[in-house]
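I have placed the structure first, in the form of C-alpha cells, so that the comments after it can refer back to it.
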Amino acid sequence: IKAIVETHMRVANGDYSARAPLTNKNVLWQISGPLNNLLSRSQNLRLEVAQLQYALNQARGENERLKRTLRGTL
C-alpha cells in the first residue's frame, strides 16, 4: 500500500514517470498494474498534446508569414 500511495503522491507532485513497483508476488499487484497502465497512457497523452501544440504554433507562424507575403503582393 505504501508503494502505491508514494506513486500517487509523486504523480500529484508532477512526476509523470512514476510507477508503482509492485509485481505479481505482491497481493496488490492487481491494483498496481492498472495504475501503471493508466500512468503510461497519461504520460503518452501529455506528450502527444505537447507535440500537437508545437505543430499548431508552427502552423500559426507559417499562416502569419503567408498573410504578410500576400499583403505585400496586393
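Asn26 passes all but one of (1) surrounded by 13 or more Cβ atoms within 10 Å (Cβ to Cβ); (2) in contact with a helix residue (DSSP H, G or I) (Cβ under 7 Å, 6 or more places away or on another chain); which number fails? Unmet condition: (2). Tallying residues that are open to solvent by 50 Å² or more (accessible area, probe 1.4 Å) and either β-branched (Val, Ile, Thr) or under 20 Å from the mean Cα position of the chain (by Cα) (or both) within the range 29-41 yields 5. Checked against the criterion of being charged (D, E, K, R) and open to solvent by 80 Å² or more (accessible area, probe 1.4 Å), the candidates Arg65, Arg19 yield just one match: Arg65.
When the range 20-53 is filtered for residues that are closer than 19 Å to His8 by Cβ, part of a helix (DSSP H, G or I) and among the hydrophobic types (A, V, I, L, M, F, W, C), the ones remaining, listed by number, are Trp29, Ile31, Leu35, Leu38, Leu39, Leu45.
For the range 7-16, a residue qualifies if it is open to solvent by less than 90 Å² (accessible area, probe 1.4 Å) and either of a type outside the set (Asp, Glu) or over 15 Å from Arg46 (Cα atoms) (or both), and the qualifying residues are Thr7, Val11, Ala12, Gly14, Tyr16.
Residue-by-condition table, conditions (1) in contact with a Phe, Trp or Tyr (Cβ under 6 Å, 6 or more places away or on another chain); (2) among the charged types (D, E, K, R); (3) more than 30 Å from Lys2 (Cβ to Cβ):
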residue: Ser32; (1), (2), (3): no, no, no
residue: Asn44; (1), (2), (3): no, no, no
residue: Asn57; (1), (2), (3): no, no, yes
residue: Glu62; (1), (2), (3): no, yes, yes
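The values are calculated or read from the model by the stated rules, or taken from the named source; none is laboratory data. Everything numeric in this text was worked out from a predicted model, so none of it was measured. No Cβ is skipped: glycine too gets one built from the backbone with ideal geometry, and neighbour counts run over all protein chains shown. Only protein heavy atoms, including side chains, enter the accessible area calculation; ligands, DNA and RNA are left aside. Shrake-Rupley method; radii C 1.70, N 1.55, O 1.52, S 1.80 Å.
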